[in-house]
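A.B. asks: Input: one structure, supplied below.
Nothing in this text is a laboratory measurement; each read-out follows from the coordinates by a stated rule. Owing to the predicted nature of the structure, the values given are computational and were not obtained by experimental measurement. Cβ coordinates were reconstructed from backbone atoms using ideal geometry, including for glycine residues, and neighbour counts include every protein chain displayed.
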Amino acid sequence: MAATEADAAFLRIEGITKDFDGYKAVNDVSLDIAKGEIFALLGSSGCGKSTLLRMLAGFETPTAGRIVLAGQDLAGLPPYERPMNMMFQSYALFPHLSVADNIAFGLRRQGTPKAEVSARVDAMLKLVQLGKYAKRKPHQLSGGQQQRVALARSLARQPQLLLLDEPLGALDKKLREETQIELVNIIESVGVTCVMVTHDQEEAMTMASRVAVMSEGRFLQVGPPHEIYETPATRFVADFIGNVNLMDGTLDVDEADHCVIGSADCRHYVGHGITGSPGMAVTVALRPEKIHLSRHAPADGEFNHVRGTIKEMSYFGSFTVYHLQLASGATLKVSQANTQRHRDDELTWGDEAWAHWSRTAHVVLTQ
């Protein structure tokens, strides 16, 4: 769901900093999140994403800055008074309570009338498709079912904001992939605004409408998943999101409609200018799936190709990744879709091969 100007500031984070004895776990970050948006904070361990989520929930107090939700400044509000719920990675289900009682727990704590509790629990069980499991205990459920119970409990009180801390981290890879879309569908059907924390790129790219890549307490780039993947703003973002070949070089030519960059193994012709200065150091970022691999040299004899020797191959079923050793000693990763079951000209270990790519395949990074 795209943010619009009218509702872009449903959740506003303004200059938030969290200082732990001189160490800035979160360092002056600002962000607007739209009503109904699923937003992901993505980064490696220690980058500050969980600290920021805990400040939203009220478990940590900001050193500076403020958090505003639907026009209300949350400063000083304890967690139980904030119009939001948080779902933890461990799910934190009560083992002695049934599924229905786990979902009803928060409603009963806030004094909701019995009839309303019953109706709300029934609605949540229907939403997460667990009606026939209402009387079971958590240990009698699969990991995916426990995750849906935790989500139902988080949504039962109809929060304005849903916070998810590594929501699928406890599931195995296959179940996690199956659950990602299911979780998004449930959240979107309710219409709740959601902020999730994850270190899993695939999870963030699949579930979120926008992503913030964090490092050392700061946002390096904020945008839709496709934008962050296709046009990373920095070398760190390019390297953190997906697989990428990073080739250091020098800007030789810079015109409005193209630029030329020289690197150790080839010359790159890029189909746009970068408004730089000839001679400046730059990095070319090239995704493995945007490279073509063949036994023969391409027709264009000057730009965007390189010859090497296949030193490693990794077969992943739907695609194969080739590691091409270049003359400089560098390695170029090339991902090729396996569209045919058998090929007569299949490349293998030790083969000489040419890698080539289009003038729109790469991104030029200046930082």
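A.B. asks: Quick one: which residues, 5 or more positions from L347 or on another chain, have an amide H under 5 Å from its amide H? H modelled 1.01 Å from N in the peptide plane, none for Pro or chain starts.
C.D. replies: Long-range HN contacts for L347: none found.
A.B. asks: Give the order of M124, M205, M280 when sorted by the count of other beta carbons within 10 angstrom, beginning with the fewest.
C.D. replies: Sorted ascending by nearby Cβ count, the order is M280, M205, M124.
A.B. asks: Between E81 and H139, what FRET efficiency follows from the Cβ-Cβ distance if R0 is 35 Å, with the result rounded to 0.05?
C.D. replies: According to the calculation, E is roughly 0.60.
A.B. asks: Out of the DSSP beta bridges found with both residues in the chain, what percent are antiparallel (nearest 5)?
C.D. replies: 75
A.B. asks: Obtain the nm distance between the two label points defined at W354 and A264 by a simple spin-label model: each point lies 7 Å from its Cα along the Cα-to-C-beta direction.
C.D. replies: Spacing of the two 7 Å Cα→Cβ label points: 2.4 nm.
A.B. asks: Let me ask you something else. Between Rg and the Kirkwood Rh of the chain, both from Cα atoms, what is the Rg to Rh ratio?
C.D. replies: Here the Rg-to-Rh quotient is 1.06.
A.B. asks: Separate question: Compute the whole-percent fraction of alpha carbon pairs in the range 217-282 spaced more than 21 Å apart.
C.D. replies: 34
A.B. asks: Right, next: Which lysines, on any chain, are close to K135 with Cα under 26 Å apart, when same-chain ones fewer than 8 places away are left out?
C.D. replies: Cross-link targets: K114, K126.
A.B. asks: On a full-extension model of 0.36 nm per residue, what is the gain between E188 and Q340, subtracting their alpha-carbon distance, rounded to one decimal in nm?
C.D. replies: 50.9 nm
A.B. asks: Which percent of the Cα-Cα distances in the range 243-365 go past 16 Å?
C.D. replies: That tail contains 61 percent of the Cα-Cα pairs.
A.B. asks: From a point 7 Å beyond the Cα of V253 in the direction of its Cβ, which residues of the range 282-309 have a backbone N at a distance under 20 Å?
C.D. replies: Those under the cut-off are 282-285, 298-306.
A.B. asks: Say the cut-off is 27 Å between C-alpha atoms; which of K24/K290; K174/K333; K24/K333 go over it?
C.D. replies: Pairs exceeding 27 Å: K24/K290; K24/K333.
A.B. asks: Need one number: nm distance between label points at Q325 and E289, each 7 Å from Cα along Cα→Cβ, rounded to one decimal.
C.D. replies: 2.9
A.B. asks: Taking a virtual spin label 7 Å from the Cα of H296 along the C-beta vector, which residues in the range 332-357 bring their backbone nitrogen under 17 Å of it?
C.D. replies: Output list for this probe position: 344-347, 352-357.
A.B. asks: If we restrict to alpha carbons, what Rg and Dmax does the range 1-147 come to, in Å?
C.D. replies: 18.2, 52
A.B. asks: To continue, here is another question. What does the extension gain come out to for Q72 and L97, with contour length at 0.36 nm per residue minus their alpha carbon separation?
C.D. replies: That works out to 5.5 nm of additional length.
A.B. asks: How large is the Rg to Rh ratio of the range 99-205 when both quantities use alpha carbon positions and Rh follows Kirkwood?
C.D. replies: Rounded to two decimals, Rg over Rh is 0.96.
A.B. asks: Under the definition of Cα pairs under 8 Å and six or more residues apart, what whole-number percent is the relative contact order of the range 183-300?
C.D. replies: That works out to 16 percent.
A.B. asks: In the range 312-367, what is the volume of the convex hull around the alpha carbon atoms, normalised per residue and reported in Å³?
C.D. replies: Spread over its residues, the Cα hull of the range 312-367 gives 137 Å³ apiece.
A.B. asks: Same structure, new question: Once amide H atoms are placed 1.01 Å from N in the peptide plane, what residues at a sequence separation of 5 or more from M196, or on another chain, have their amide H within under 5 Å of its amide H?
C.D. replies: Here the answer is F39, A40, L41, L164, since their amide H atoms fall under 5 Å of that of M196.
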